[in-house]
1. Most exposed first by the Cβ proxy, i.e. fewest other Cβ within 10 Å, how do 6, 88 rank?
2. Among [x] -0.74, -1.06, -1.14, -1.18; [y] -0.39, -0.71, -1.12, -1.36; [z] -0.54, -0.80, -1.05, -1.20, which one is log10 I(q)/I(0) by the Debye sum over Cα atoms at q = 0.12, 0.16, 0.20, 0.22 Å⁻¹ computed from these coordinates?
3. For residue 71 and residue 36, FRET efficiency with R0 = 25 Å and r from the beta-carbon atoms, rounded to 0.05?
4. Sort out for me the Cα centre separation of the stretch 61-87 from the stretch 7-52, rounded to whole Å.
5. With the cut-off at 1.5 for a/c, could you classify the stretch 66-106 from its C-alpha gyration tensor as rounded, prolate or oblate?
6. How do 21, 72 line up, fewest other C-beta atoms within 10 Å first?
7. Using a basic spin-label model with each label point 7 Å from the Cα along Cα→Cβ, how many nm lie between residue 9 and residue 95?
8. Contact order normalised by length for the chain, with contacts defined as Cα pairs under 8 Å and 6 or more residues apart; what percent is it?
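Read-outs throughout are calculated quantities, based only on the coordinates presented, and are distinct from any laboratory measurement. Note that this is a predicted model, so its numbers are computed, not measured. Note: ideal-geometry Cβ built from the backbone for every residue, glycine included; neighbour counts use all protein chains shown.
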């Protein structure tokens, strides 16, 4: 209805960083913490898996589900690496692959799975 300015996530976070108000201090501390965690994950990628596990547990997923999900990510990465080597282009073929992997670990295609989660 109205024309407005928009920003992407990075731009919004940078805007928040520039706010001189003490009210923004807690958010700035959180941004620094998250940035530090990402740097740690760069140095030790296993920390990213630990963080993912913790996040999924907080959302109420079972350890079995989480392990299956992480394994599916690993398998998908191996498959897409192989496809890249063989010259498969990203897009529709990757979408088909993702759908098949989702079916394998969840029993549902992507559309069905997304409906369950909402």
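1. Fewest to most other Cβ atoms nearby, the residues stand as 6, 88.
2. Entry [x].
3. According to the calculation, E is roughly 0.30.
4. If you average the Cα positions of each part, the centres end up 27 Å apart.
5. The shape class here is oblate.
6. Least crowded to most crowded, the residues run 21, 72.
7. Reported label-point gap for residue 9 and residue 95 is 2.2 nm.
8. Result for the chain is 12 percent.
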